[in-house]
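Since every read-out is calculated from the coordinates, none of them should be taken as a lab result. These numbers were taken from a predicted model, which means no experiment stands behind them. Because the Cβ atoms are built from the backbone with ideal geometry, glycine has one as well, and the counts that use them run over all protein chains shown.
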Amino acid sequence: MSTQNAESTSAEKNTATARPADGERIEDLASRGDSRSQRPSNEAFREFISSGWDETVPDAERREAADFTPARRDALVRRLPGARLVLPAGVLKVRSNDTDYPFRPDTAFAYYAGLGTDEEPDSVLVVEPSAEDPTLSEATYFFRPRAGFDTSEFYADARYGEMWVGRRPTVAEAAQRLGVEVRHIDELRDHLAKDVGAHLSLTVMPGVDAAVESMVSEIREQNGLPGGDDAASEQAALKEAASEQRLVKDEYEIRQMREAVDATLRGFEDVIRHLPRTVGHPRGERVIEGVFAATARADGNGVGYDTIAAAGDHACTLHWTRNDGTVRGDELVLIDAGVEVDSLYTADVTRTLPVSGTFSPTQRRVYEAVLAAADAAFAVARPGLRFRELHTAAMEVLARTLEDWDLLPGTAAKSLSAEGQWHRRWMPHGTSHHLGMDVHDCAQARREMYLDAELVPGMVFTIEPGLYFKENDLLVPEELRGIGVRIEDDVLVTADGVENLSAAAPRRADDVERWIAGLRQ
């Protein structure tokens, strides 16, 4: 036993024997974290640290998104008339003791406020109908603005202090950036309570900030608004409206999606350059993950979701994000990754690559079957097509292929019927999902607005069929076992068809091989 451990054990024994009497407290647990601070607290120090700072406030640029958020908020109040809508940004979440996970604001908050990256924990956007014209919106943003140099927050607050987390905007700066009225977060309660019950309902986006939800619930009760199921129904309507509104992207959003896809493709190129050093590494998959993450962090806000770097049989686990496996030179590696840009729009691209640079005949056979299914979805994609028909087109190809390979217990036609679906053993996920600020965007939309909706210009979604033959699957030939392939592209609906936003990443087997060879030179 080391001396340090012996001393710790002795101290623990002494503490154990010195039990406090009932009601007595040796120390306030909440304050114990301060014991490591060693920060001086005398008046001379406080005066000295608050002096001698340049107090010039830089000019604040209006955000590009601020030209588009008013129309989004107007549409929201028309969808939910007569309601004051409370959209919290969310709170910091503890990772370990006194360290937090990187903050990302709630999607609905960011969409209607125009903020991105890690802006601003604990803030709230309030949207309500204009008093002059209820079909238009008024918005007020509540947050904790920058504290003065003469406050202890400046140097002592590890959550908000400028010395700890960097400079925060002033009220005036935030107003200039967002183009809305801005107030201190301490004024939130009074604002929410004004005219509630008499002229306005009050609804909060659920599941984002428990303290704000509690405040809204109290104000509703104090002003005679119903709680329980009625309040929950209003919250669900807000969540649904915010989700469905993002189904069609505006010009700004489409530009952001293009930026996210371009950054993602640069990440894939960086991964390909580093593929040789993954071979034989005990955690080669994490080498891939790390290379992509470096590009995502350098060129954007980070990754839009946990990267899937799945070599060999791991590719048959649909959401393989552990990425702790080795990479062998004769395997395929399935990489499903997306860069999230500062505005929080993310790409979602998958390429399945031969680690050696060349597909084996069996690998190529599976790859080309998946490509044919993807091409079938692209061939039918156009305005007026129902979203679910993209999946139908891809499944028809895969079912026929699996029938030709004698893997189905019946015909492809029977498999495609509701009573069959045998082909889904090897393709268990959907072919497409909407894409935007969330990788699975618009997830709270109603079925008739999502799966059963017609495609219209401005929609952005994925096309991503796959085939997955697990290494322990006894119903497939041994040569297929351990091969998983997915090809995923990001698609924008245009006036007369669709545009493959990720087309710059080669898709055809020969082109993939040339892509790898060219980047390794």
remark   = Reduced to Cα centres, the span from the stretch 348-404 to the stretch 284-340 in Å works out to 21 Å
ask   = If we sort 338-348, 320-330 on the protection proxy, mean other Cβ atoms within 10 Å, highest first, what's the order?
value = 338-348, 320-330
request  = Tell me which label goes with the value of Cα Rg over 2.2 N^0.38 Å computed from the coordinates here: (i) 0.93; (ii) 1.16; (iii) 1.05.
outcome  = (ii)
key: Peptide ranges 503-510, 235-242 listed from the most packed, as the mean C-beta count within 10 angstrom indicates   = 235-242, 503-510
request  = Report, in deg cm²/dmol and to the nearest 500, the calculated mean residue ellipticity at 222 nm for the chain, where each DSSP H run with n ≥ 4 adds -39500 (n - 2.57) and the sum is divided by the residue count.
outcome  = -11000 deg cm²/dmol
ask   = Under a point spin-label approximation (7 Å from Cα along Cα-to-Cβ), what is the F103-N472 distance to one decimal in nm?
value = 4.4 nm
Folded to 0 to 90 degrees: helix 284-299 orientation relative to the chain principal axis, Cα = 60 degrees
Compactness relative to 2.2 N^0.38 Å, alpha carbon Rg of the stretch 415-521 = 1.33
message = Could you order the peptides 162-170, 221-229 from most to least packed, using the average number of other C-beta atoms within 10 Å per residue?
response = 162-170, 221-229
request  = Kindly express, to the nearest 10 degrees and within the range 0 to 90, the angle between helix 3-17's C-alpha long axis and the longest C-alpha principal axis of the chain.
outcome  = 60 degrees
note = At q = 0.25 1/Å the base-10 log of I(q)/I(0) from the Debye formula over the alpha-carbon atoms of the stretch 59-146 is -1.24
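In debye, nearest 20, what is the charge dipole magnitude of the chain about its Cα centre with +1 on Lys and Arg Cβ and -1 on Asp and Glu Cβ, if you could check?
1220 debye
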request  = Would you mind getting me the FRET efficiency between E448 and R382? Use the beta-carbon distance for r and R0 = 25 Å, nearest 0.05.
outcome  = 0.80
Test item: Cα-centred dipole of the stretch 130-188, Lys/Arg +1 and Asp/Glu -1 on Cβ, debye = 360 debye
query = List the lysines whose alpha-carbon lies under 27 Å from that of K93, not counting same-chain residues fewer than 8 positions away?
reply = K239
message = Translational diffusion coefficient of the stretch 119-193 at 10 °C, 1.306 mPa s, Stokes-Einstein with Kirkwood Rh over Cα pairs, in µm²/s as a whole number.
response = 117 µm²/s
query = In degrees, nearest 10, range 0 to 90: what is the angle between the Cα axis of helix 509-520 and the longest Cα principal axis of the chain?
reply = 50 degrees
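Quick one, what does Rg over Rh come out to for the stretch 371-428 if you take C-alpha atoms and the Kirkwood Rh?
Computed over Cα atoms, the ratio is 1.00.
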